[in-house]
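Notes for the one structure printed next.
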Amino acid sequence: MILGFVREAFKIMPNKMTKRQFMLTSFTATAAAIVWEPLLSLGQTTQTPHRLNLGGQWRVSQGGKNKWFPATVPGCIHTDLLAAGEIPDPFYRDNEKIVQWVTEANWIYQRTFDVPEEVLKNDRVLLRCEGLDTVASTKINGIEIGRADNMFRLWEYDVKNTLHPGQNAIEILFESPLAYIKNHEDHAPNHWVKGRAWVRKEPCSFNWDWGPDLASCGIWKVISLETFNQGRITDVMVEQHLDNDQLATLDVGVNAETAGATAQTFQASITILYAGKTVAQKKILVSNGHGSGQLEIKHPKLWWPAGMGKQPLYEVHVELMDDHGNVCDSAVRRVGLREMKAVLPQNGSPLHFTVNGVPFFSKGANWIPCDSFTSRITPEILRRYVADAAAVNINTLRFWGGGYYEDDALFDACDEMGICVWLDCKFACSAYPAFDDGFMENVRQEIRDNVRRLRHHPSIAVWCGNNEISLLNKAQEWRDNTMGAADYDKLFKDLVGREIQNLAPQANYVSGSPDCGDTHYWDVWHGNKTFDAYRTLTGFMSEFGYQSFPELKTIRSFTNEEDRTSVVTPVMKWHQRSGLGEIEGNQEMLNMIHHYFNAPKDFETTLWLSQILQGYGIKIGAEYWRQTMPKSMGCVFWQYNDIWPGMSWSSVDYFGRWKALHYLSRKFYTPILISSLEDSKNGTIDLFVTNDLLEAAHGKLRWQTTDLAGKVLAEDSFHVELPSRHSVNIKKLDLQEQISHIGLSGFLIWLELEVRGQVVSDNLVLFALPKEYKLLDPRLNISVDNTPDGFLVTVTSKNPALWVWLGLDNADARYSDNFFHLKPGAMQKILVKPWTQLSKESLVQQLRVRSLFDTYLPA
């Protein structure tokens, strides 16, 4: 087999070429932009499967029209039209309204490609489509070779007899998902199933209460031709058995497909590597399509979640060989050695997870798709998100069920950084047609494809059948948009559950969230309760949250000046997708701001104050649930990230800018925490220390009360024991004397916990609402010094400063701390790392340091 064929180099459009000339030439020119690539490295046997990547430049036209535009694969129709200047930015202002026609239309993608004659001499030639979004019919050289109706599946078609030597043409017609949905609704045996539930497509692409209605279509993953002789590996499954820290046994199963009509026996070589060195090796026979072998690893290095240990990873290499020892195919799986269990509620114990026999508290957030258009998401972006989660002591991300099965790059990063994944299958908030045999078989193949792809990732703590469908499933029989109990079980317990059990026997599976013992609590945002309501619950909190506005730089990305006259202008409201009955979400935030804080003085401080409010509220819940461990064993707030720039529950906005909540997460998720539970009626404070570490520790706790000018009223310190993986109520402070003299809002309580000479946690306790404190001007002062890693900003104050934050007017940066409290005479050093190169002079010119005092109008 010849490894590479390139007829001519594909040339990017010259500056002088018109857009029309480029469109006319691009269709034929792309035939040269392809290279046959071996699945193994060059120099190995020609029996090795080879792939021809068909990505790159295509062309696209609306169905029924003959107007062609350049297209990029992988990609989607919205980004292609945007690049061609045919639609405006859907994220800007309310442009989303005027691009709805894109979803309503059909779209045709085309390109040509060269196939050398030698390629067709292979036993098998397949078209491999790793992601077609969603309702697609594919033709090669005018002959239909297959239809697809599930964006989550791998589609392969035998095209050997459809191709010919030389230039070939491929065309994929994408039908509007809206037409597909309507057709199924019109022909359904009942009216119970509505809208998006009929199509196996990313549910939230049809809008959600934090994202736009931009259901797209296109070739969203890799598309290629794959050729092979004799056989190829179709599956590798690794099961592990741990004998404490002395021995790990790996059972490796290999499935292979024979290229010809006659079954063939292969040999497989299995090698386990750690840090590039072989730790175990074995050869097995693969007959009738399957073989298995058992390998031992002595003194295995165990994988632990972030904060509990390291994340060592082993590589399992499999080579499939013919009778002559030639390598036909190879595969690699990277695994972490650990035993993860999801323990369901029993005998008063809540849902919780254990790893290597050790129960742990899940500290995390909910992940949603980080862009409406998946082709814009790169491995670098995904890795940044995971690193930002690990940076604030998060150990758990719940991959919510209304998105798509995320790219391996996201799981790889979680594997490497110790982030445990709660993985929802992609069903959310709808009744699904479990009575439809075709739908059920489609789902079966979807689950098989994705479990086989993802099951080896050690970060996956639990597979979950769906999001919140159990909340709609309150009747035994079907009702409008409500599944009957029997069909719910048929889909999520019998089909999805059994497929996962068969394909990943060691995986944890629960049929749905919150029907596995977890809690989705929305009475604060949707029920208009105050944050104290969080303290009425215990358990595993897998969803709860409160919204905030993003900062001004993000708001500017989708607004013009007139849109920023208030937070309830039409465009600001357009980018807010959650309403509370008659109260629009932005107004709800204003109402809650006024409950807890004084009125913000202008548009920008409204944005910042909403973030302080959000962080303040989530902190109340997070600290309480950590205090009540083991009655509570999980705090996973809604939500981590954004799908577009707008108002939402996120702690990190669409552009990766940390909100106040994310900075505060680092403190309320810190491994060793000092926190409190205040009782204003009795004038007391219960002090709690929480230790998530595997080791016990000794610490020194200091507390101090000051008036609003910083004068010390009372203080004390004492030694505390910090038992491993426990939360302890260590002391009750009686502060009735201070209250009787200066009132609940006349003083501040400062807490500080020191371990081995280092402050590991600090906190501020308020007896009254923040707005009731008559704060003095803190008179903040800063100095800036260059460092090899960025700029060191030192902040001091003359009076107590609450929620001090640093920001840059135009540039972006990451701050080692932000939204912190500062006592008079104390010094806070903040490392500022700009995202782009910035001089000290430029940084000083842009730098703003503010506190809660600066958000209010002068008295």
- Task: Take the residues in the stretch 128-140 that are closer than 27 Å to THR258 by Cβ and touching a Ser or Thr at 6+ places or on another chain (Cβ under 7 Å), then tell me which one is most open to solvent (accessible area, probe 1.4 Å).
- Result: ARG128
- When the residues of the stretch 639-660 are filtered to those that are open to solvent by 10 Å² or more (accessible area, probe 1.4 Å) and part of a loop (DSSP other than H, G, I, E, B), which remaining residue is farthest from PHE361 (Cα to Cα)? PHE655
- Output for the stretch 816-859, where each listed residue is part of a helix (DSSP H, G or I) and in contact with a Phe, Trp or Tyr (Cβ under 8 Å, 6 or more places away or on another chain): LYS840, LEU843, LEU852, THR855
- Of the residues in the stretch 777-815 that are part of a loop (DSSP other than H, G, I, E, B) and either under 15 Å from PHE597 (Cα atoms) or among the charged types (D, E, K, R) (or both), the one that is most open to solvent (accessible area, probe 1.4 Å) is ARG779
- Task: Give just the number: which of (1) modelled with pLDDT of 95 or more; (2) open to solvent by 50 Å² or more (accessible area, probe 1.4 Å); (3) over 33 Å from the mean Cα position of the chain (by Cα) does ALA859 not satisfy?
- Result: (1)
- Within the stretch 804-819, is even one residue within 17 Å of LYS553 (Cα to Cα), in contact (Cβ under 8 Å) with a residue 60 or more places away in the chain and among the basic types (Lys, Arg)? yes
- Failed condition for GLY517, given (1) open to solvent by 40 Å² or more (accessible area, probe 1.4 Å); (2) out of contact with any helix residue (DSSP H, G or I) (no Cβ under 9 Å at 6 or more places or on another chain): (1)
- Mind checking whether some residue in the stretch 336-352 is part of a helix (DSSP H, G or I) and open to solvent by 40 Å² or more (accessible area, probe 1.4 Å)? no
- Item | Residue in the stretch 375-394 that is under 17 Å from PHE152 (Cα atoms), open to solvent by less than 10 Å² (accessible area, probe 1.4 Å) and assigned to a loop (DSSP other than H, G, I, E, B) present | no
- Note on the structure: Quick count over the stretch 233-277, residues being of a type in the set (Asp, Glu) and either over 15 Å from GLU296 (Cα atoms) or modelled with pLDDT under 95 (or both), is 4
- Scanning the stretch 678-694 residue by residue, those touching a strand residue (DSSP E or B) at 6+ places or on another chain (Cβ under 9 Å) and either surrounded by fewer than 17 Cβ atoms within 10 Å (Cβ to Cβ) or over 17 Å from ALA306 (Cα atoms) (or both) turn out to be GLU678, ASP679, ASN682, GLY683, THR684, ILE685, ASP686, LEU687, PHE688, VAL689, LEU693, LEU694
- Does LYS573 satisfy the condition of being farther than 24 Å from ALA622 by Cα and open to solvent by less than 40 Å² (accessible area, probe 1.4 Å)? no
- Message: Looking at the stretch 504-544 only, could you name the residues that are more than 24 Å from the chain's Cα centre (by Cα) and closer than 19 Å to LYS341 by Cα?
- Response: PRO505
- Quick one: count up the residues across the stretch 249-292 that are closer than 22 Å to ARG452 by Cα and among the small types (Gly, Ala, Ser). 9
- Item | Condition check for LEU843: closer than 17 Å to TRP608 by Cα, buried (at least 18 other Cβ atoms within 10 Å of the Cβ) and either in contact with a strand residue (DSSP E or B) (Cβ under 7 Å, 6 or more places away or on another chain) or not β-branched (Val, Ile, Thr) (or both) | no
- Check the stretch 553-566 and report whether any residue there is under 30 Å from VAL421 (Cα atoms) and surrounded by fewer than 18 Cβ atoms within 10 Å (Cβ to Cβ). no
- Message: For the list (1) on the phi > 0 side of the Ramachandran plot; (2) crowded, with 20+ Cβ neighbours inside 10 Å, I need the number of the one condition that MET589 fails.
- Response: (1)
- Query: In the stretch 597-626, how many residues are open to solvent by 10 Å² or more (accessible area, probe 1.4 Å) and over 30 Å from ARG564 (Cβ atoms)?
  - Reply: 3
- Task: Being more than 19 Å from the chain's Cα centre (by Cα) and touching a residue at least 24 places away in the same chain (Cβ under 8 Å) is the filter; apply it to the stretch 354-372 and report the residue that is farthest from GLN547 (Cα to Cα).
- Result: ASN356
- Message: If I filter the stretch 672-692 for residues that are of a type in the set (Lys, Arg) and modelled with pLDDT of 95 or more, do I get at least one hit?
- Response: no
- Would you call PHE767 surrounded by 19 or more Cβ atoms within 10 Å (Cβ to Cβ), under 20 Å from LEU552 (Cβ atoms) and touching a strand residue (DSSP E or B) at 6+ places or on another chain (Cβ under 9 Å)? no
- Message: Among the residues of the stretch 716-725, are any of a type in the set (Gly, Ala, Ser), over 29 Å from THR530 (Cα atoms) and part of a strand (DSSP E or B)?
- Response: yes
- Task: Check the stretch 110-121 and report whether any residue there is part of a loop (DSSP other than H, G, I, E, B) and either more than 27 Å from PRO49 (Cβ to Cβ) or open to solvent by 60 Å² or more (accessible area, probe 1.4 Å) (or both).
- Result: no
- Query: If GLU8 satisfies every condition in (1) surrounded by 15 or more Cβ atoms within 10 Å (Cβ to Cβ); (2) at pLDDT below 90; (3) not in a helix (DSSP H, G or I) but one, which is the exception?
  - Reply: (1)
- Message: Just to check your reading of the model, which residue among ASN141, ASN161, ASN150 is at pLDDT 95 or above and at positive phi?
- Response: ASN141
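The values are calculated or read from the model by the stated rules, or taken from the named source; none is laboratory data. Values in this document were obtained by computation on a predicted structure and should not be read as measured data. Ideal geometry is used to build each Cβ from the backbone, glycine not excepted, and the neighbour counts take in all protein chains shown. In case anyone asks, the SASA skips ligands and DNA or RNA and just uses the protein heavy atoms, side chains included. Shrake-Rupley method; radii C 1.70, N 1.55, O 1.52, S 1.80 Å.
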